[in-house]
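Enquirer: Please find one structure pasted underneath; my questions will follow.
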Amino acid sequence: METYRYFEGIFGREKSEASEKDYDFIISKDILKDEDKEYLERDLSKAEVDAMVKSLPKYKSPGIDGLPYEFYQSYWNLIGVEIFNVLHECFNEGKLDENQRTGIIVLVQKITSPKKCNEYRPITLMTTDYKILAKIIKARLKSILEDKLEKENYTISKSSNIIDILTLIRVSRKTRLVNHRAATGGRR
């Protein structure tokens, strides 16, 4: 029961979801130029995915699918086109299927022989294709936003998650549509 209470305090019971209002500062300061938005929203390219897979670090925990980065790197010539097609479809639709969104929380020891709950660190194992797509989106955002946003507002850091990043893109698209409609008198 002690373990349950400890981790309930960390994770809570409520789902937390970023909302568009959390990113109002981006719209109000007009940080993203049209060319920045186009860069963020451009089609996912095979070359971009190939480069990301090649750059993935070795000896990291596999995801919930059990596939480490090394598997993707070793067999990319066989699976690359199919994985790219899946990621491309997810990117264009703006959503992942349920299996791609599912993660498992596991506890990693902080010290050699842990005896207390706080001597473990929880991590979430996600699918490898999720991690690849998240890294691509993060790299795109980082290249544009890193120097434009004030540090106290938002940073694209290792702790930024895909929900934050996707919400930011959704806000960007919504702003672009509103601006387009205003410029064209409401026509799409």
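Enquirer: Name the helices (runs of 4 or more DSSP H) wholly within region 69-188 that hold at least 2 residues that are at pLDDT 85 or above and among the aromatic types (F, W, Y)?
Expert: On the way: elements: 69-74, 76-93, 98-101, 128-145, 162-184.
Output list reads 69-74, 76-93.
Enquirer: Here is a further query. Hey, Y59 hits all of (1) of a type outside the set (S, T, N, Q); (2) out of contact with any helix residue (DSSP H, G or I) (no Cβ under 7 Å at 6 or more places or on another chain); (3) not in a loop (DSSP other than H, G, I, E, B) but one; which does it fall short on?
Expert: (3)
Enquirer: If a residue has to be closer than 30 Å to Y4 by Cβ and of a type in the set (V, I, T) to count, how many in region 70-107 make the cut? Explain how you work it out, then say what you get.
Expert: Let us first name the residues in region 70-107 that are closer than 30 Å to Y4 by Cβ, namely 96, 98-107.
Pick out the ones that are also of a type in the set (V, I, T) and you get 102, 104-106.
Of the residues in that region, 4 qualify.
Enquirer: Related question: Looking at this structure, is L125 surrounded by 13 or more Cβ atoms within 10 Å (Cβ to Cβ), free of Cβ contacts under 8 Å to residues at least 60 places away in the same chain and either of a type outside the set (F, W, Y) or at positive phi (or both)?
Expert: Answer is no for this residue.
Enquirer: Here is a follow-up. Just to be sure before I move on: is N118 exposed (fewer than 13 other Cβ atoms within 10 Å of the Cβ) and more than 24 Å from Y4 (Cα to Cα) in the structure I sent?
Expert: no
Enquirer: Can you find even one residue in region 29-39 that is modelled with pLDDT under 60, of a type outside the set (D, E) and out of contact with any Asp or Glu (no Cβ under 7 Å at 6 or more places or on another chain)?
Expert: yes
Enquirer: Can you tell me which residue is surrounded by the most Cβ atoms within 10 Å (Cβ to Cβ) among those in region 51-101 that are aliphatic (A, V, I, L, M) and more than 15 Å from A134 (Cα to Cα)?
Expert: I64
Enquirer: Let me ask something additional. Go through region 43-68 residue by residue and tally those that are at pLDDT 95 or above and more than 21 Å from K138 (Cα to Cα).
Expert: Within region 43-68, residues that are at pLDDT 95 or above and more than 21 Å from K138 (Cα to Cα) number 0.
The values are calculated or read from the model by the stated rules, or taken from the named source; none is laboratory data. Predicted model only: the values in this text are computed from it and were never measured. Note that each Cβ is placed from the backbone with ideal geometry, even for glycine, and that neighbours are counted across all protein chains shown.
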